[in-house]
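Just so it is clear, none of the values below were taken in a lab; they were calculated from the coordinates. Predicted, not measured: the structure shown is a model, and the values here were computed from it. Cβ: placed from backbone, ideal geometry, glycine included. Neighbour counts: every protein chain shown.
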Amino acid sequence: MKRTTLLSAIALASLVTVSACGGGAGADGAAPAAEETTAAAEAAPAAEATPAAEATPAAADAAAAGATAGFAGMTTDVKAGEKVFALCKSCHVLEEGVNRVGPSLYNVVGRKSGSVAGYSYSEANKNSGVTWTTDVLFKYLEDPKGFMPGTKMAFPGIKDAQDRANLVAYLESTKK
Ligand code: HEC
């Protein structure tokens, strides 16, 4: 989703530049084009940053620590995590037994991978042998396809460690 926004921002910037330069293409036209693209590329990460991650230097430290210490090293905010879950809602719900594009995430924390009845998993997910602990979810959600090659979950991942930790804390809080 974020990637799409970034790409369209770049595409838009290039379009604007092309029309602004009109027929005067050449060495002069090239420089502004490069600048515009860079500006667009810089704007996107800024837009992605969450208040939680920016809030305090302490939060930034926690995020940095998360890179090495994993989920356990993070300070989390369940309410903020509930908002991050919006990224999953197009494919997952938390209700028991309700499978959409992806399997139900009811009680997902502590669940064995590929274990939801009636959901047609990929071989990769079904046979991964993974248990979805908070720590495993924290790693998986950074880069699902990197963590589990062959998964059919079409989701690029959440790069921001604080967002990811908040989301995992939220999922854990929904456990019944
Ligand atoms: C575009 C749809 C889509 C989005 C968005 C998505 N998922 Fe998935 N997810 C899937 C699909 C499809 C699978 C099944 C993967 C397979 O069988 O290979 C899956 C599988 C999973 C699994 C493994 C479940 C199990 O029972 O083994 C977890 C955990 C998961 N997703 C969490 C999330 C979370 C958390 C988010 C939000 C950050 C998310 N997903 C976003 C489609 C999606």
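Consider region 72-130. How many of its residues are near the ligand (Cβ under 9 Å from one of its atoms), loosely packed, with under 13 Cβ neighbours inside 10 Å and either in contact (Cβ under 8 Å) with a residue 60 or more places away in the chain or part of a helix (DSSP H, G or I) (or both)?
Number of matching residues: 2.
Which of the residues spanning region 140-170 are of a type in the set (Phe, Trp, Tyr), closer than 18 Å to TYR106 by Cβ and near the ligand (Cβ under 7 Å from one of its atoms)? Give the steps one after another, and end with the answer.
Pass one, region 140-170, residues of a type in the set (Phe, Trp, Tyr): 140, 147, 155, 170.
Next, from what is left, pick out any that are closer than 18 Å to TYR106 by Cβ: 140, 170.
Correct list: TYR140 only.
Would you confirm whether or not region 144-152 contains a residue that is of a type in the set (Ser, Thr, Tyr), more than 16 Å from the chain's Cα centre (by Cα) and surrounded by 15 or more Cβ atoms within 10 Å (Cβ to Cβ)? Steps first, answer last, please.
Taking region 144-152 first, the residues of a type in the set (Ser, Thr, Tyr) are 151.
Imposing the further condition that a residue be more than 16 Å from the chain's Cα centre (by Cα) reduces the set to none.
No: zero hits.
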